[in-house]
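Input: a single structure, listed below in structure tokens.
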Amino acid sequence: MKNWPSLLLFIVVVLGIGWAVGYVTAPSEWYANLNKPFFNPPGWLFAPVWSILYVLIAIAGWRVWNAGESTLKLLWIIQMVLNFLWSPAFFGIQMPALALVIILVLLVTIYAFIAKAWNRDRTSALLFLPYAAWVTFATLLNGSIVVLN
């Protein structure tokens, strides 16, 4: 595997920012008091799921960066920005409706990345499938919280 130091850097940066955003915007009493749907997962599940997803996202980003495909690079950057904006919108400023808009755009961007990568870098597209599934679920969860509150 060539360029493994840059792969490690991608993983460290994506995980590091993800963990930092999660730490700074950790759920508070406000979140605990919200009405949530019956399918709301336990809180302990989010950190391990996101850690795995961030590694997959980082690997896909590294692959795209090394391939030099500008459209895929742009989609990867946009989805990362949106990903990192969601928690501050939802937990930080406590605006689930704004967070829902962000996550909907994020979801479209993730699916656009998968579609664009499918014929150019199938591995990166496949690496994004668990991410797409989780964000689809998170969108449903976010939307349900908006409706219930």
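Here are a few things to note about the model shown:
- Computed over the chain with a Gaussian network model linking Cα atoms closer than 10 Å, the most mobile of Phe38, Phe137, Phe128 is Phe38.
- When the charge dipole of the stretch 1-141 is built from unit charges on Cβ atoms (+1 for Lys and Arg, -1 for Asp and Glu) and taken about the Cα centre, the candidate among Val105, Leu140, Trp4 whose Cα reaches farthest toward its positive end is Trp4.
- Where the chain is the region considered: accessible area per residue in Å², 1.4 Å probe: 54
- Assigned charges on the beta-carbon of Lys, Arg, Asp, Glu; the chain dipole about Cα centre (debye): 380
- Option label - Cα extents along the principal axes in Å computed here, alternatives [x] 46, 42, 27; [y] 47, 46, 31; [z] 49, 27, 23: [z]
- Sequence-distant contacts, meaning Cα pairs under 8 Å at least 6 residues apart, place the relative contact order of the chain at 31 percent.
- Residue-averaged [θ]222 nm for the chain, counting only DSSP H segments that reach four residues, each worth -39500 (n - 2.57): -26000 deg cm²/dmol
- Projected label points at Trp44 and Asn149, each 7 Å from Cα along the beta carbon direction, are separated by 2.4 nanometres.
- The apolar share of the surface of the chain, taken as the fraction of accessible area on carbon and sulfur atoms (1.4 Å probe, ligands and nucleic acids excluded), comes to 73 percent.
The values are calculated or read from the model by the stated rules, or taken from the named source; none is laboratory data. Since we're looking at a predicted model, the values are computed, not measured. With ideal geometry, Cβ positions are generated from the backbone for all residues, glycine too; neighbour counts draw on all protein chains shown. What goes into the accessible areas is simple: the full protein's heavy atoms, side chains included, and nothing from ligands, DNA or RNA. Shrake-Rupley method; radii C 1.70, N 1.55, O 1.52, S 1.80 Å.
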